[in-house]
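Have a look at the structure below before the remarks.
The values are calculated or read from the model by the stated rules, or taken from the named source; none is laboratory data. It should be emphasised that the depicted structure is a prediction, and the values quoted were computed from it without experimental measurement. In this analysis, Cβ positions are derived from the backbone assuming ideal geometry, glycine residues included, and neighbour counts consider all displayed protein chains.
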Amino acid sequence: MTTTDPTPPAPEPMHRLRFEEPGPPRPAELPGGGPAWLVSRYTDVRQVLSDPRFGRAQLYAADAPALSDVPDLVNDPDLMFNQDGPGHLRLRRTLRRAFTPRAVARWRPWIAEIVEELLDRLDTRQQPADVVTEFTLPLPVAVISRLMGLDESAWGRMRHWSEHAFSDGTHDGEQVASVLAEFSAFGAELLAERRRTPGEDLISGLVEAADEEGGVPEAQLVSLVCGLVVGGHDSTMTMLGNALLYLLGERRETWPRLGTDEEAAGRLADRLVHLVPLGDDRGSARHAAADVEVGGVTIPAGAIVLADCGMANRDPEVFPPASLHDLFAPLEAPTLSFGAGPHYCLGAWLARTELQLALHRLAARFPDLRLAEPMDTVAWRTGTTSRSPRRLGVSW
């Protein structure tokens, strides 16, 4: 007689995920079992993400297979990420000027102030302290809140909304739908408030740009606001938590240089974004509008294509294995972690800036920072498509 251990194995840290060797496009399956094509080589993935014949909008056609069993923000057809062509460009133009490298450079001084304030607070905490509660979560929440003109009263709700907006399917569908309806109502009211009383914040700028652009549906603006609220902090929080687990748990030799060389910290931030995925899901889905040759293989019209950026980021033809884990080496080619083509992440430069400043100043202020618990005992934040430590005890 055999018995089954009811306790599932602890998830592997994100930096330890295993990736297959990339190869030519091949048939694969969607999470729900439907047919798809997997594209995994760097050049092929860049082609799929950049070629307008591979779009997102048709993934949500009436006869398309469901990409998720429960509603979530990522699969909202009104989301900017799920628009194509002129409609997508019109919506993207309302935000494009806000996230340029020049704009982020102007924000850098006050982002650095937030970093220092949080580090001052961390220094007063009893050890071991939870660096997630004290630093990796409040930093990106404070940054996106300042950009959007939100006060601290919304912070708790932002995390609640994120947990359901990025649900991995384990939440009850009706509960997710209810939370998303509440979230959409918040976004709609925020837009209405900024129309009544515009300010210097990102949402006021969005309203003004949308009015100038004309023809932007209100539902798409609401989805855009909601995407900014949760996407603007969840990804950076996830990156920071996973980065600290990796650096303090397995790459402690990098810590002294990280704290003394800000330029090197930028290269390390780029390398970590490149190597450590945000979640366990593989592949960014696209719909083929026509027969397209990719990597010597013809992908038929109507096919769903999964572009695996994690595999592509480890393509030995582009990223030599000998230097792949040299955290201070410049990337040999642009990372695909932020995507490519028309859907390239608008917030990439902001995320990189936050990650660089956070890691550099944390290492500078706390040169003796270390994990206060073994890596294999870390409790993980689960239930969403991104994954990072729920708590991370540190001493110094």
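With the structure loaded, tell me whether residue 121 is touching a residue at least 60 places away in the same chain (Cβ under 8 Å), assigned to a helix (DSSP H, G or I) and loosely packed, with under 15 Cβ neighbours inside 10 Å or whether it fails that test. Taking the combined requirement at face value, the residue does not satisfy it.
Quick check: anything in segment 172-190 assigned to a loop (DSSP other than H, G, I, E, B), closer than 18 Å to residue 278 by Cα and modelled with pLDDT under 85?
Keep residues of segment 172-190 that are assigned to a loop (DSSP other than H, G, I, E, B), which gives 172.
This time we only want the ones that are closer than 18 Å to residue 278 by Cα, so: none.
There is no residue in segment 172-190 that is assigned to a loop (DSSP other than H, G, I, E, B), closer than 18 Å to residue 278 by Cα and modelled with pLDDT under 85.
Screening segment 138-171 for residues that are under 18 Å from the mean Cα position of the chain (by Cα) and of a type in the set (S, T, N, Q) and picking the one that is modelled with the highest pLDDT gives 145.
Would you confirm whether any residue within segment 304-316 is acidic (Asp, Glu) and over 25 Å from residue 31 (Cα atoms)? So far as segment 304-316 goes, no, none of its residues is acidic (Asp, Glu) and over 25 Å from residue 31 (Cα atoms). Considering only residues that are in contact (Cβ under 8 Å) with a residue 40 or more places away in the chain and touching a helix residue (DSSP H, G or I) at 6+ places or on another chain (Cβ under 7 Å), which ones fall in segment 191-216? Within segment 191-216, 194, 201, 202, 203, 204, 205, 206, 209, 210, 213, 215, 216 meet the criteria. Within segment 286-316, being closer than 24 Å to residue 75 by Cβ, over 27 Å from the mean Cα position of the chain (by Cα) and part of a strand (DSSP E or B) holds for 292, 299.
Filtered by the rule that a residue be surrounded by 16 or more Cβ atoms within 10 Å (Cβ to Cβ), out of contact with any Phe, Trp or Tyr (no Cβ under 8 Å at 6 or more places or on another chain), part of a loop (DSSP other than H, G, I, E, B) and at pLDDT 90 or above, segment 50-83 gives a lone residue, 51. The residues listed here are 81, 54, 135, 99; of these, the one that is under 22 Å from the mean Cα position of the chain (by Cα) and farther than 26 Å from residue 239 by Cβ is 54.
Mind checking whether some residue in segment 110-121 is at pLDDT below 95, under 21 Å from the mean Cα position of the chain (by Cα), of a type in the set (A, V, I, L, M, F, W, C) and more than 19 Å from residue 288 (Cβ to Cβ)? Let's see the steps before the verdict.
As a first pass, look at segment 110-121 and keep what is at pLDDT below 95: none.
No, every residue in segment 110-121 fails to be at pLDDT below 95, under 21 Å from the mean Cα position of the chain (by Cα), of a type in the set (A, V, I, L, M, F, W, C) and more than 19 Å from residue 288 (Cβ to Cβ).
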